[in-house]
Amino acid sequence: MSISKFFIIFLIPLVILGLGIWMVESTHIDRGSVRVAGAVVGPPNVDVTIKNCYMLEEQGFRKLAVELEAKNSGSTKTDIYPFLFRAVISVKDRPYDPAAPQSSYSPIYYQSICEDAPRSSTSLPPGAMRSLTLHFYANTMPRGDEWEDQYLHLEYYDEDTLLLLSKPLNPEGK
């Protein structure tokens with residue numbers, strides 16, 4: 001085999017492969033963001049803060065009230081749907097074990113306010129804050145000392161935006 005054939009068959013593909021590997025390694029790509037029609041689209045960046053959590057008793061019904069604020073720290077508009085929140089009660093020593101018994105509660109009604117989107121109950125523009133008050137039916141929730149073995153947390157999961165939130169709750173007036 002002559003040197004020219006060796007050069008063409010082995011060295012040129014080796015150099016091209018080396019340049020390709022160097023380019024892939026030196027280029028930093030954020031795979032969490034995707035450019036769609038010129039706009040960067042990625043998973044929503046929403047921070048939730050629990051402001052207050054308490055039990056109410058009105059006309060013979062117990063209700064769990066959760067006041068929270070959701071802030072959109074991302075660069076794209078997102079939506080927070082109040083009826084996707086769940087109050088979940090689980091066994092304290094195994095809070096995230098799917099085999100452990102759990103109770104899940106959906107809000108019976110809510111109040112949702114955002115100054116940057118006053119006509120919407122779900123829209124959360126970039127940099128905006130939405131205040132939500134969620135009310136859950138609580139007649140079947142534990143009372144008093146029954147809470148010692150239970151763990152209560154608020155969960156939110158939106159399949160469309162892949163937004164997942166989970167916050168522990170400690171209601172006043174258990």
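The values are calculated or read from the model by the stated rules, or taken from the named source; none is laboratory data. Model, not experiment: these values are computed from the prediction. Counting neighbours? That spans all protein chains shown, and the Cβs are built from the backbone with ideal geometry, glycine included.
Quick notes on this structure:
- Selected residue (only one of D79, D160 is surrounded by 13 or more Cβ atoms within 10 Å (Cβ to Cβ), farther than 26 Å from E57 by Cβ and of a type outside the set (S, T, Y)): D79
- Scanning the range 36-62 for residues that are among the aliphatic types (A, V, I, L, M) and at pLDDT 85 or above gives V46, V48, I50, M55, L56.
- Residue in the range 88-102 that is of a type in the set (D, E) and part of a strand (DSSP E or B) present: no
Here's the yes/no breakdown for (1) touching a strand residue (DSSP E or B) at 6+ places or on another chain (Cβ under 6 Å); (2) assigned to a loop (DSSP other than H, G, I, E, B); (3) of a type outside the set (S, T, N, Q); (4) touching a residue at least 12 places away in the same chain (Cβ under 8 Å):
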{"position": "A65", "(1), (2), (3), (4)": "yes, no, yes, yes"}
{"position": "G74", "(1), (2), (3), (4)": "no, yes, yes, yes"}
{"position": "R86", "(1), (2), (3), (4)": "yes, no, yes, yes"}
{"position": "S104", "(1), (2), (3), (4)": "yes, no, no, yes"}
{"position": "S112", "(1), (2), (3), (4)": "yes, no, no, yes"}
{"position": "P118", "(1), (2), (3), (4)": "no, yes, yes, no"}
{"position": "G127", "(1), (2), (3), (4)": "no, yes, yes, yes"}
{"position": "L134", "(1), (2), (3), (4)": "yes, no, yes, yes"}
